[in-house]
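Coordinate-derived values only; no laboratory data. A quick note: this is a predicted structure, and the numbers were derived from the prediction, not measured. Cβ placement follows ideal geometry from the backbone for every residue including glycine, while neighbour counts extend to all protein chains displayed.
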Amino acid sequence: MGKLVRFLHENGLFLTLRFLLEHLYSKVFNYFLTVKLNVKHRLYIHPSACIRGLNRMDLGENFHSGKHLWLEAVPNPGETEGAPKIQIGHHVSVNENVHIASISLVKIGNNVLMASRIFISDHNHGIYEGEYASNPEIYPNDRVIAPGHPVIIEDNVWIGEMVSVLPGVTIGRGSVIGSNSVVTRSIPPYSIAAGAPARTIKRYDFEIKRWVKVPNSR
């Protein structure tokens, strides 16, 4: 009650009422999410989230998201086998404007932290290699969705601001992805990667307990 009185004093009646209504709506929103997911553990997803395919998702305990989360687990048009899946482990926290899209599998481990404006996808809008490559004269929205290639983000990973993680990538346990990176290939465990495309620039040495520069970065 003391915190509420302080908030009222600092921000006025209108913003206090707005805060209370948003808090109540959030409680109701997350309650119905747990019912739909058939889980008893705690979740916090901001009510501004856009969610498609909730019945194809597994969300672990203490999943926390900022505003404008976008989760999509949607089958590729015409495909009936191999339901898409988004699996998120325990104690995962993502900031605002994170978009995760799956037509195959996006799997995120435990204790993962993500900053804002991050894009993770297991598929491309169009095919850009081989004999079935998309014709650039076809409107992008009408191009065939490329087959999905699973994305795996292992435990204890930290992903910085404005990172894109592309299809077929595994980010190894304990790794860090620097801001503005584009992850086009897998990153080994206990690594720091940065750049576009992202490359490993440091690895953790458990013997000396330090992050060590990689001489010939991949």
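Details
- Gaussian network model of the chain, Cα within-10 Å springs - most flexible of HIS91, HIS149, HIS125: HIS125
- Convex hull of Cα atoms in the chain, direction-averaged projection (nm²): 16.9 nm²
- Of the residues THR184, THR200, THR16, the one that moves most in a GNM of the chain with alpha-carbon contacts below 10 Å is THR16.
- FRET efficiency for GLU10 and ARG42, using Cβ-Cβ distance with R0 set to 25 Å, rounded to 0.05: 0.35
- Pairs of Cα atoms nearer than 8 Å and 6+ residues apart set the relative contact order; for segment 1-101 it is 23 percent.
- Cα-centred dipole magnitude for the chain, charges only on beta-carbon of K, R (+1) and D, E (-1), debye, nearest 20: 860 debye
- Considering only chymotrypsin sites (Phe, Trp or Tyr not before Pro) in DSSP loops that have at most 15 other Cβ atoms within 10 Å, the longest stretch of the chain without any of them is 1-127.
- Ellipticity estimate at 222 nm from DSSP helix runs (n ≥ 4, -39,500 (n - 2.57)) divided over the chain, nearest 500: -6000 deg cm²/dmol
- Relative to one another, the C-alpha centroids of segment 181-213 and segment 22-53 are positioned 35 Å apart.
- Neighbour count of at most 10 Cβ within 10 Å plus DSSP loop: longest GluC sites (Glu not before Pro)-free window in the chain: 1-80
- Database remark: amide H of ILE171 closer than 5 angstrom to the amide H of ILE152, ILE153, GLU154, ILE187 (H placed geometrically; neighbours at sequence offset of 5 or more, or on other chains; Pro and chain starts carry no H).
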